[in-house]
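The values are calculated or read from the model by the stated rules, or taken from the named source; none is laboratory data. Every value quoted in this text rests on a predicted model; they were computed, and no experiment measured them. Cβ placement follows ideal geometry from the backbone for every residue including glycine, while neighbour counts extend to all protein chains displayed.
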Ligand SMILES: C[S@@+](CC[C@H](N)C(=O)[O-])C[C@H]1O[C@@H](n2cnc3c(N)ncnc32)[C@H](O)[C@@H]1O
């Protein structure tokens, strides 16, 4: 049975279209968004979701804030659970779900990226979070080193813990700091591949990302939000900016990672770049 049908059976006098069609499950926690029309019923809906998925906590997602993408959550049923363990493709991720973001919708992108990394590569993961890309790359592929840069000390602590939990300390190097400075100053000319997994001003980090590539060039995975139907213009704009920074650029491809809103998609552009 679908969640919406279950809720509709148990909550009378509310049009079914106002009820959520699903919740996201991570660890023993369900995360749900509610329409304004049913906010007044949040406790009732929360209790039903708790039973439907047999989870220990149901959090209402109110949004995400700040550079560090901190989730704004409200417990609406069950007991407060902060730290969860999520398993995916043989990788383990631990994090405080009430403080940090972990997007289940990016799961295929994490696997895809790990599949692109060749033996012995040097990778720079610029917005490393809790290791969303660094962990699959080091567990599933065989890079020489992944430099994982994270600005938020709380996320950095979990990044370090996840590197240890997955036993990849020899391949992953966590770095606490601003990736724009670290990529430009400490990792200049070091990388075969740079991952820019963030979409709130990714473009501001493009120069530092390019400067981290080896002199013979390398691959950039550039994430951002693009207006639906305008993806081509958006991609050309990013590539043109790289050209204007003095790089030869060869597009490899792009894909829609997920739908972000009614008007925008989360997309990733893969391109080769080399300083000319
Ligand atoms: C939403 S998470 C994304 C994690 C992962 N890259 C992914 O795509 O799933 C973005 C992370 O980038 C970090 N961040 C934001 N600005 C940064 C910067 N200038 N330098 C390093 N990390 C940064 C945030 O703290 C957050 O942990």
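Odds and ends about this structure:
- Search result, residues across the stretch 183-200 that are surrounded by fewer than 20 Cβ atoms within 10 Å (Cβ to Cβ) and near the ligand (Cβ under 8 Å from one of its atoms): 198, 200
- Each residue in the stretch 134-175 was checked for being buried (at least 20 other Cβ atoms within 10 Å of the Cβ), closer than 17 Å to residue 106 by Cα and in contact with a helix residue (DSSP H, G or I) (Cβ under 6 Å, 6 or more places away or on another chain), and 3 of them qualify.
- Taken together, the residues in the stretch 76-125 that are in a loop (DSSP other than H, G, I, E, B), more than 12 Å from the ligand (Cβ to nearest atom) and buried (at least 16 other Cβ atoms within 10 Å of the Cβ) amount to 5.
- Any hit, the stretch 130-152, residues being farther than 21 Å from residue 218 by Cβ and free of Cβ contacts under 8 Å to residues at least 12 places away in the same chain: no
- Among all residues of the stretch 29-39, there is at least one that is closer than 25 Å to residue 134 by Cβ, in contact with a strand residue (DSSP E or B) (Cβ under 8 Å, 6 or more places away or on another chain) and in contact (Cβ under 8 Å) with a residue 12 or more places away in the chain.
- The C-beta contact set for the stretch 172-186 (first residue within 14 Å of residue 123 (Cβ to Cβ) and assigned by TED's automatic domain parsing to the domain that holds residue 114, second residue in a helix (DSSP H, G or I) and within 8 Å of the ligand (Cβ to nearest atom), distance under 8 angstrom, 6+ apart or interchain) comprises 175/182; 179/205; 183/205.
- Failed criterion for residue 215 (all others in (1) in a loop (DSSP other than H, G, I, E, B); (2) surrounded by 24 or more Cβ atoms within 10 Å (Cβ to Cβ); (3) touching a residue at least 60 places away in the same chain (Cβ under 8 Å) hold): (2)
- Here is the figure for the stretch 172-202: residues that are touching a strand residue (DSSP E or B) at 6+ places or on another chain (Cβ under 7 Å) and under 17 Å from residue 129 (Cα atoms) total 16.
- Count of the stretch 21-69 residues, restricted to those that are surrounded by fewer than 17 Cβ atoms within 10 Å (Cβ to Cβ), in a strand (DSSP E or B) and within 16 Å of the ligand (Cβ to nearest atom), is 5.
- From the list 152, 142, the lone residue that is over 14 Å from the mean Cα position of the chain (by Cα), at negative phi, near the ligand (Cβ under 10 Å from one of its atoms) and in the same structural domain as residue 195 (by TED's automatic domain parsing) is 152.
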